[in-house]
Each structure stands twice: as structure tokens, then as C-alpha cells.
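Below is one structure, written out as C-alpha cells, with a few remarks after it.
The values are calculated or read from the model by the stated rules, or taken from the named source; none is laboratory data. This is a predicted model, so every value here is computed, not measured. Note: ideal-geometry Cβ built from the backbone for every residue, glycine included; neighbour counts use all protein chains shown. Calculation scope for accessible area: heavy atoms of the full protein, side chains included, ligands and nucleic acids excluded. Shrake-Rupley method; radii C 1.70, N 1.55, O 1.52, S 1.80 Å.
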Amino acid sequence: MERPISEPGPGQVRIRVEACGICHSDAATVTGTYPGLTLPRVPGHEVVGRVDALGSGVSRWKIGQRVGVGLIAGEDGTCEPCRRGDSVNCQNPVVSGVTVDGGYAEMMIAEARGLASIPDELSSAEAAPLLCAGITTYNALRNAGLRGGDLVAVQGIGGLGHLGIQFARHMGFHTVAIGRGSDKEKLAKDLGAHVYIDTAVGDAAALLQSMGGARAVLATAPSGDSMGSLVSGLAVRGKLIVLGVPRDQIHLNASPLVFGGRSVYGSLTGTAIDQEDTLAFSVLEDIRPMIETAPLEQAADAYARMMQGKARFRMVLVTKNLKS
Ligand SMILES: NC(=O)c1ccc[n+]([C@@H]2O[C@H](COP(=O)([O-])OP(=O)(O)OC[C@H]3O[C@@H](n4cnc5c(N)ncnc54)[C@H](OP(=O)(O)O)[C@@H]3O)[C@@H](O)[C@H]2O)c1
Ligand SMILES: [Zn+2]
Ligand SMILES: [Zn+2]
């Protein structure tokens, strides 16, 4: 649809969007299930574009500068987690595509404090998926207290998982990819997995135990049913890090949690400075998302392709702004 171009308010910028990745979490906007969502709403939180106008009080960013916006795109700075320096867990956040309009658009208004600078080495289309799929897996890995050589598994080989495999490999972990079916085995190994586990033919937990047990498993599949049994594949003190947000429940057996001190916890994307760390690490280690681009006008088809699990591995919408 056509909408009037709005002006940025105090502390905001207007962005001329060049590219926006399609994350599985966009489904919570499309289906109206994201907590706090108000409609109508433009989805999209893997946004890269150029600053087009500055609101009052914005000095850090310049017109024409290339910037990115992720999911958590502004904290209130006053709630308890914010006051403790944990702004990603702000209790009243600006959430792109949920509390404010996101990046499936030619223009977007964003909070200046939530922007990340995009390095010249990355094209807009390849930077976009790093702003949610990338940061989510990168932060989960680097904050898990792991050491080089640890056995780390990534379950679910989609937008998040295909980047998680690359990050795990480049951070120096013994990297296992867990998928359902044989079709992604070669892709997973090309992305850097040392080992591929196909849950259609093998028991992932038993296979991880036969390798000594995983120090961490990143669970990215949008399926709670597939996550709980992975606890039994963890080493003593191992961690199941829940990144996927399935609608169904995760069922857990208490024994491997208690006997061995294993744990299960979630991890939510990251902050703007974490975005810049993710981008810098990707440039440093030559990590790129595998993407399929589609023009913004085909957003509905591209979204459907992601939901059907056909994307290899991230659909990225590109706008006419990219050529100008
Ligand atoms: N924690 C966060 O901050 C955060 C950030 C972004 C996204 N998310 C959430 O993370 C999840 C994944 O997002 P995404 O963008 O990566 O989605 P995606 O691109 O659709 O990938 C999901 C992958 O999971 C695989 N899968 C589904 N069921 C599976 C199962 N039972 N066993 C193994 N693999 C399975 C699918 O592969 P096949 O169908 O081919 O098997 C698909 O490739 C979503 O729930 C999303 O909302 C969370
Ligand atoms: Zn996302
Ligand atoms: Zn807050």
C-alpha cells in the first residue's frame, strides 16, 4: 500500500530502506500473536538502509550513512533491567514490526539509539540477516561461557541455524548441525559443521553423548517438541539455549537437569552494539548469510517461501532504493 512519508520525531531518524530480511519471528506479526502488537503494522526487523532525515537532537548519525535496525530497537532506559544495564531485556522496548512499523517498506522511522553502523565490506542484502538471525546466534554462543574446542550443536538449519553453524565453527568449536532429513547434510557441512545429525534416522541425544556430550546446544527450530530431548545430549553442566520461539510446549525430563547440573535458558537477540560486534566478526571471519533476494513488491510470496521452509537460507526483500 502507499502511505505518506512521515517525519522523524526527536531522537529518531528516517531511513530509506534498501534491504530487509524475512525472519520466522515475523510470523508473530503476520498472525497477530506477538505480545503487545497493535495493528495495522508493517513487519520487518532485519533492516538496512540509508539515513534520509534526522529528528531533533540526533548528532551521532549523518544523512546518507548506512545503518541497520534489529528487533529490539530502543530501550526505555528507566525500567529495572535497563537500570541494571540489561537493555535487551527492557520491559518497555521499541520492537520493530511490533510496537512500531518495521522494514517491509521503502521508508522507516527508527530510534537513533537503536541503530547499528553497517561496514562497507557488507552489501545491504547480506548485512540484513546478520541483524537478527546473525546477532541472535552470535550472542548466544559468545555469552555461553564456552571454550575453544568445546562440542557445540546447532539444531534447526534455517535462517538462524545456518549462521549459528558458521559462527560456532569460526569461534573454534567442534560443531554439530542437527536437522531432520538428509537434504541439508551437504549444506550444513559446507557451512562448517564437522558432523551432521539427521534426526530422521538417528537419536540426536545419544549421538551427542557418544561424542562426549555437548557443552551447549543452540535450539533454533520453531518446534518445542523437538527441543526437550536434546537435554539428554548435553555434557555435565551443558546448556540448552532456547532461541526458537515455538508455539508448542517444551517437555523436559528432570533427571538429566538435576544429575549433572544441566540447564535450559533462553536468549533474546541483542543490542545495537552487539549488532556492530556481529557485523565486525562476520567481516573478520568472512562469514556471510546464504540469501535469496526478492523485490519488496513480492513480500507475501517471499514470506510464504520462508514459512514453507524453502528459503536457502534467508529471504531478503530489496527495494528500489538499492539501485539509486
Ligand atoms: N531468540 C531470538 O532472539 C530469536 C531471533 C530470531 C528468531 N527467533 C525464532 O527462532 C526460530 C527460527 O527462526 P528462523 O528465522 O531461523 O526460522 P527458519 O528460517 O524458518 O528456520 C527454522 C528451521 O527449523 C527447522 N526445523 C523445524 N522443525 C524442526 C525440527 N523438528 N527439527 C529440526 N529442525 C527443524 C526447519 O527446517 P526443515 O523444515 O527443513 O526441517 C527450518 O529450517 C523461530 O521460532 C523464530 O521466531 C528467535
Ligand atoms: Zn528475527
Ligand atoms: Zn527498560
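At a glance:
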| quantity | calculated |
| --- | --- |
| Simple spin-label estimate for residue 91 and residue 210 in nanometres, 7 Å along Cα-Cβ | 4.9 nm |
| Spin-label model distance (nm) - residue 186 vs residue 6, 7 Å beyond Cα toward Cβ | 4.8 nm |
| Label point at residue 60 placed 7 Å out along Cα→Cβ; residues across the range 114-135 whose backbone nitrogen lies under 19 Å | 114-120, 131-132, 135 |
| Degrees, to the nearest 10: 133-142 long Cα axis against longest axis of the chain | 50 degrees |
| On Cα atoms only, tilt of 272-284 relative to the major axis of the chain in degrees | 70 degrees |
| Accessible area (Å², per residue) of the range 30-174, counting only protein heavy atoms and a probe of 1.4 Å | 39 Å² |
| Förster radius 35 Å - calculated FRET efficiency between residue 120 and residue 248, Cβ distance, rounded to 0.05 | 0.25 |
| With every protein chain in place, the chain: carbon and sulfur % of accessible area (1.4 Å) | 51 percent |
| Where labels lie 7 Å past Cα in the beta-carbon direction, separation of residue 84 and residue 307 in nm | 3.7 nm |
| Burial order of peptide ranges 160-167, 11-18 (average beta-carbon count within 10 Å, highest first) | 160-167, 11-18 |
| Gain on full stretching of the segment that runs from residue 298 to residue 273 - 0.36 nm per residue minus C-alpha separation | 5.8 nm |
| Cβ-defined net charge surrounding residue 314, 9 Å radius [Lys, Arg +1; Asp, Glu -1] | -1 |
| Percent breakdown of C-alpha pair distances by 20 Å bin, ordered from the shortest bin, for the chain | 34, 57, 10 |
| Within a Gaussian network of the chain (alpha carbon springs, distance under 10 Å), most fluctuating of 133, 272, 53 | 53 |
| Local electrostatic count, residue 232, Cβ distance below 15 Å [Lys/Arg +1, Asp/Glu -1] | +2 |
